[in-house]
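Taking it in order: structure first as structure tokens, then the write-up.
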Amino acid sequence: MNTLQAVVTNIQKSEHITIMSFISNDVNLKMMALEVDDTITKDTQVTLGIKAASISLAKQQHLDISISNQLPCQINNIIEGDLLTVISLDFANNFIESVITRDSARRMELEVGQNIFALFKSSELFIIKSSHE
């Protein structure tokens, strides 16, 4: 599982939905959740989680899509399997992985050292722990 250190910058609640904003290494992130610990407030330090299979890759940043979480990364390693490929990424000295199909990795012509964006929906991000725990 991938983890990122972040700080809560905003919390919006409506009925049973919470949208939280974070900053991690100067990049803004958003999380949508049904249940959030009420002790987490603005400026709380958190560890965020994202599953490797939930991270898509793009060669350039996309501003006109609904995916708000777009981390600028560099490819550190590529491990190609029979069906899947594991792409190891460096996001500001935070190492995360993306698992995509081998066909997608080949179609994108991914290479070690290449700059790329890791994309994931706000509903895929979750809080592992906060500074209150």
Rel. contact order, % - alpha carbon contacts under 8 angstrom, at least six apart, the chain: 30 percent
With all protein chains present and a 1.4 Å probe, how do Ser56, Ser98, Ser104 order by accessible area, largest first? Ser56, Ser104, Ser98
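Find me the longest stretch of the chain that has none of the exposed trypsin sites (Lys or Arg not before Pro), where exposed means in a DSSP loop (not H, G, I, E or B) with at most 12 other Cβ atoms within 10 Å.
Working: sites that count: Lys42, Lys59.
Result, exposed sites excluded: 60-133.
Looking only at Cα atoms, what is the convex hull volume of the chain per residue, in Å³?
Values: hull volume 14.8 nm³, N = 133.
About 111 Å³ per residue, rounded to a whole number.
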Leaving ligands, DNA and RNA out of it, rank Glu35, Glu80 by accessible area with a 1.4 Å probe, largest first. Glu35, Glu80
Just how far, in whole angstrom, is the stretch 21-44 from the stretch 50-114 if you go by their alpha carbon centroids? 23 Å
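The values are calculated or read from the model by the stated rules, or taken from the named source; none is laboratory data. Keep in mind that this is a model prediction, so the values were computed, not measured. Here the Cβ is made from the backbone with ideal geometry for all residues, glycine too, and neighbour counts use every protein chain on show. Ligands, DNA and RNA are stripped out before the accessible areas are found, and what is left, the full protein with its side chains, is counted by its heavy atoms. Shrake-Rupley method; radii C 1.70, N 1.55, O 1.52, S 1.80 Å.
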